[in-house]
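**Q** Supplied in structure tokens, the structure appears directly below.
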Amino acid sequence: MASGVKPRVKVPKKATAGDVITIKTLISHKMESGQRKDGDGNLVPRSIINRFTADFNGQNVIDVLIEPAVSTNPFFEFEAVVPEAGEFQFAWYDDDGTVYETGKKIAIG
Amino acid sequence: MELTRRQTLTIGSGTFAFAALAGLPAFASLTDDAVAAMTNGAELIDGGIDITAPEIAENGNTVPIAVSAPGAVEIALFASGNPTPAVATFKFGPLSGSRSGSTRIRLAKTQDVVAIAKMEDGTFRQASATVKVTIGGCGG
């Protein structure tokens, strides 16, 4: 499924250099596990997001391998160090090869 | 009541058998296999890792789980009662603020959720939490 996928990310707008901030991410996605059957008893094929990464100015923050046991609309919360002003890059990798990306800028102040 | 020698023996061996049964690991071998694949058979140490899960989850489709293990490079989550035990693996990069993460997972039935952390020194830590599930989350 590649339609209606919308990533949402919550990052503070400002931080002090060296601060640890909390980031929350959510992406709307069915996360079809491949275990479910449709009305006719046929198995619904698996279609999930299998990887999520967060980077800051090219340096990795977290890299999550996702299995079908992660819920619909996968949600992740984690913490990151902000050494300088810059931009967070988030990427979700779909089973069908699509990569959903979004970025958030953060200022030092 | 006076116990005969025979009765005493029966009671004694019964207690022993019960203790041996209770001592067995509560989770299925599929999980053991998945864990062994990650650790290469290394010893698992209890403690040094925290797992936060609800005691009772009304809806097995979204169960909030949080893990944290200071000094970990990687934390993997396993659900012992799911058709496939692997849930998610968090790998922490250089800019990670704390070795923790939280997500929402699916649980098919009441079961133990196991977290295994790979530490910087190469050892493995484990923690588990039992979650009671009222409605399973894997479809039918």
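A short reminder: the numbers here are calculations on the coordinates, not readings from a lab. Please read all numbers here as calculations on a predicted model, not as lab measurements. So basically every Cβ, Gly included, is an ideal-geometry build from the backbone, and we count neighbours across all protein chains shown.
**Q** Using r as the Cβ-Cβ distance of B:T134 and A:T16, and R0 as 41 Å, what FRET efficiency do you calculate, to the nearest 0.05? Write out the running numbers ahead of the final one.
**A** Details: r = 44 Å, r/R0 = 1.08.
The formula returns an efficiency of 0.40 here.
**Q** Within 15 Å, Cβ to Cβ, of A:V9, how many net charges do the neighbouring residues add up to if Lys/Arg are +1 and Asp/Glu are -1? Walk me through the intermediate numbers first.
**A** On the way: positive: A:K6, A:R8, A:K10, A:K13, A:K24, A:K104, A:K105; negative: A:D55, A:E77, A:E79, A:E87, A:E101.
Within the 15 Å Cβ shell, the charges total +2.
**Q** Cα centroids of segment A:8-86 and segment B:72-140: how far apart, whole angstrom?
**A** Each part's Cα centre sits 15 Å from the other's.
**Q** Which whole-number percent is the relative contact order of segment B:26-133 (Cα, under 8 Å, 6+ apart)? Kindly include the intermediate steps, with their values, before the conclusion.
**A** Details: 250 pairs, mean separation 37.9, N = 108.
This gives 35 percent for segment B:26-133.
**Q** If you don't mind, there's one more thing I want to ask. Using a 7 Å offset from the Cα along the Cα-to-Cβ direction at both B:T39 and B:D121, what is the distance between the two label points in nm, to one decimal?
**A** 1.6 nm
**Q** Hey, with R₀ at 35 Å, roughly what FRET efficiency would A:S3 and B:D46 work out to, going by the Cβ-Cβ distance, to 0.05?
**A** On the way: r = 46 Å, r/R0 = 1.30.
Rounded to the nearest 0.05, the efficiency is 0.15.
**Q** Relative contact order of segment B:87-140: what whole-number percent is it, with Cα pairs under 8 angstrom and at least 6 residues apart? All intermediate terms of the calculation are to be shown ahead of the outcome.
**A** Details: 55 pairs, mean separation 18.8, N = 54.
About 35 percent, as a whole number.
**Q** What order do you get for B:K109, B:K118, A:K30 when you list them from fewest to most C-beta neighbours inside 10 Å?
**A** Details: B:K109 17, B:K118 20, A:K30 14.
Ordered by Cβ neighbours within 10 Å, fewest first: A:K30, B:K109, B:K118.
**Q** Still on this structure, please answer the following. Quick one: of A:K10/B:K132; A:K105/B:K118; A:K10/A:K37; A:K6/A:K105; A:K30/A:K105, which pairs are farther than 23 Å apart, Cα to Cα?
**A** Values: A:K10/B:K132 31 Å; A:K105/B:K118 31 Å; A:K10/A:K37 35 Å; A:K6/A:K105 18 Å; A:K30/A:K105 28 Å.
Cα-Cα > 23 Å for A:K10/B:K132; A:K105/B:K118; A:K10/A:K37; A:K30/A:K105; rest within.
**Q** While we're looking at this one, here's another question. By count of other Cβ within 10 Å, fewest leading, how are B:S100, B:S68, A:S3 ordered?
**A** Working: B:S100 23, B:S68 19, A:S3 4.
Listed from fewest to most nearby Cβ atoms, that is A:S3, B:S68, B:S100.
**Q** Going by how many other Cβ atoms sit within 10 Å of their own, how do B:S29, A:S47 line up, fewest first?
**A** Numbers: B:S29 11, A:S47 17.
If I rank by nearby Cβ atoms, fewest first, I get B:S29, A:S47.
**Q** Please state the relative contact order of segment A:1-85 as a whole percent: Cα pairs under 8 Å, 6+ residues apart? Walk me through the intermediate numbers first.
**A** Working: 151 pairs, mean separation 30.2, N = 85.
About 36 percent, as a whole number.
**Q** Would you kindly compute the Cα radius of gyration of chain A and its largest Cα-Cα separation (Dmax), both in Å?
**A** Spelled out, the Cα radius of gyration and Dmax of chain A are 16.1, 58 Å.
**Q** If you take every residue apart from A:R51 with its C-beta less than 11 Å away from the C-beta of A:R51, what net charge results, scoring Lys and Arg +1 and Asp and Glu -1?
**A** So the surrounding residues net to -3.
**Q** Mind telling me which of A:N42, A:N60, A:N50 comes out most flexible in a GNM of chain A, alpha-carbon contacts under 10 Å?
**A** Fluctuation is largest for A:N42.
**Q** Please work out the ratio of the alpha-carbon Rg of segment B:29-140 to 2.2 N^0.38 Å and round it to two decimals. Don't jump to the answer; show the numbers that get you there.
**A** Numbers: Rg = 13.6 Å, N = 112, 2.2 N^0.38 = 13.2 Å.
Scaled against compact globular proteins, the figure is 1.03.
**Q** Now a separate question. Starting from the coordinates of the alpha-carbon atoms of the protein assembly as shown, obtain the Kirkwood hydrodynamic radius over all distinct pairs and give the value in Å to one decimal. Before the final figure, lay out the partial values.
**A** Details: mean 1/r = 0.0504 Å⁻¹.
Its Kirkwood hydrodynamic radius stands at 19.9 Å.
**Q** Considering every Cα-Cα pair within segment B:88-140, what fraction, in whole percent, is farther apart than 11 Å? Provide the component values of the computation, followed by the final result.
**A** On the way: 1063 of 1378 pairs.
Within segment B:88-140, distances greater than 11 Å cover 77 percent of Cα pairs.
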